[in-house]
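Beneath this line is the structure, given in structure tokens, with notes to follow.
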Amino acid sequence: MQVTVSKEELYTMIKDAVREVIQEKELNQILKTIPEVSDEEMQEITEKYGSPDKYRDVARSETVDI
């Protein structure tokens with residue numbers, strides 16, 4: 001079985017694949033740099049801003065597969 005792909009199509013496929021890998025790496029790096037919140041800090045946040053259950057409107061949502 002032989003598949004014929006033009007030079008432009010191959011370039012586009014490689015470019016998209018590289019872009020996807022770079023985006024995944026950047027996202028992983030961002031997620032790794034977010035510090036964890038201690039129980040005390042979470043308590044302070046909850047006291048100051050209330051429970052997340054109070055906020056029903058979602059401004060933006062994204063699912064990340066790790």
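The values are calculated or read from the model by the stated rules, or taken from the named source; none is laboratory data. Being a predicted model, the structure only gives us computed values, none of them experimental. Positions of Cβ are backbone-derived with ideal geometry, glycine not excepted, and every protein chain shown enters the neighbour counts. With ligands, DNA and RNA removed, areas are computed over all heavy atoms of the protein, side chains included. Shrake-Rupley method; radii C 1.70, N 1.55, O 1.52, S 1.80 Å.
Data for the structure
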item	result
The chain - percent of accessible surface contributed by carbon and sulfur, probe 1.4 Å	53
Spin-label model distance (nm) - LEU27 vs ASP57, 7 Å beyond Cα toward Cβ	2.7
Principal-axis tilt of helix 39-49 within the chain, Cα atoms, nearest 10 degrees	80
Cα-centre dipole for the chain with unit charges at Cβ (Lys and Arg positive, Asp and Glu negative), debye to 20	400
Residue range of the chain that is longest and free of trypsin sites (Lys or Arg not before Pro) which are both DSSP loop and sparsely packed (at most 16 other C-beta within 10 Å)	1-55
Exposed-loop-free span, longest in the chain, where GluC sites (Glu not before Pro) count as exposed if DSSP calls them loop and at most 11 other C-beta atoms lie within 10 Å	1-35
If the convex hull is drawn through the Cα atoms of the chain, its volume per residue in Å³	164
Helix-only mean residue ellipticity at 222 nm for the chain, each DSSP H run of n ≥ 4 adding -39500 (n - 2.57), per residue, nearest 500	-19500 deg cm²/dmol
